[in-house]
Structure formats: C-alpha cells, structure tokens
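Here's the structure we're looking at; comments come further down.
Quick note: the coordinates plus some simple rules give every number you see, no bench work behind them. Since the model is a prediction, treat every value here as computed from it, not as a measurement. Note: ideal-geometry Cβ built from the backbone for every residue, glycine included; neighbour counts use all protein chains shown.
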C-alpha cells in the first residue's frame, strides 16, 4: 500500500538478501553499500535476522525511518506490520514471524517528498496522435 519510490527522496528499489549461513554475497553488494544510496530496500530470506539488520541500517536511515514487514503477501493469512528501524524488530518478534516475510525499508515509505515531474500539470505533453504522425504511421 505504499509507493516504493518518491521524487527527490528515493528513485531506486533494491531487492536483495543478506548473508547468514548462505552463500557469500558478491563484493560490493553489502547491505551497508545499498543502504548508503538511500534506496528502498526489499530484503527477502531475512526475517529471522530483523534486529541485526535494523542495527546495520540504523547509521544510514536513522531510527525513525519507515519499515514495513509483509508476511505471506497476497495470501489469505497476509499480515502487514508497520514501524520504524527502531521499532520493527519488536513487532516482528511479537507477531512470531520466522518465515515467508519480506522486509521493506527506506525513506520513500513515508511518502514525504516532491511530486513527480511526470504528472506535473505544467509539463508539456505530446499527444499520441501527434507522436504517431511524427513516426510516419
């Protein structure tokens, strides 16, 4: 229920995992490297490490940065938890989530920021018919 990009805030979404007992991450693909960009992060296979991951995100996003956890997305038992870098770990633990959930984190989830130039009423638009004629169709 949230936009993942917001003009002048974050224009990128990174879908990744983090390393625990799995295969090592490629050099340069650390959580810290992605967080440093300010992008919206979507972390899968990480719900059991929420507290550790929030500690890693804290220096980049701050304690009040929005975080959303979605358990069993689009299934009847779907559960959406909303919080911040400083509060989401407790919510995840209270809900007893240990699998089938993704963690989304980033400032764009607050929806504070500029409006897209794409939808600006003052923006000059080219109509479909003139585009078609210009192509010689």
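Of note:
- Three-way shape label, region 39-117, alpha-carbon gyration tensor, a/c 1.5: oblate
- In this simple spin-label model, placing a label point 7 Å from the Cα along the Cα-to-Cβ direction at both residue 4 and residue 126 gives a separation of 2.9 nm.
- Distance (nanometres) between label positions extended 7 Å along Cα→Cβ at residue 93 and residue 58: 1.3 nm
- Label-to-label distance, residue 12 versus residue 86, with points set 7 angstrom from Cα along the beta-carbon direction: 2.8 nm.
- Region 69-113 shape via C-alpha gyration tensor axes, a/c threshold 1.5: oblate
- A straight chain from residue 37 to residue 51 at 0.36 nm per residue would run longer than the Cα-Cα distance by 2.9 nm.
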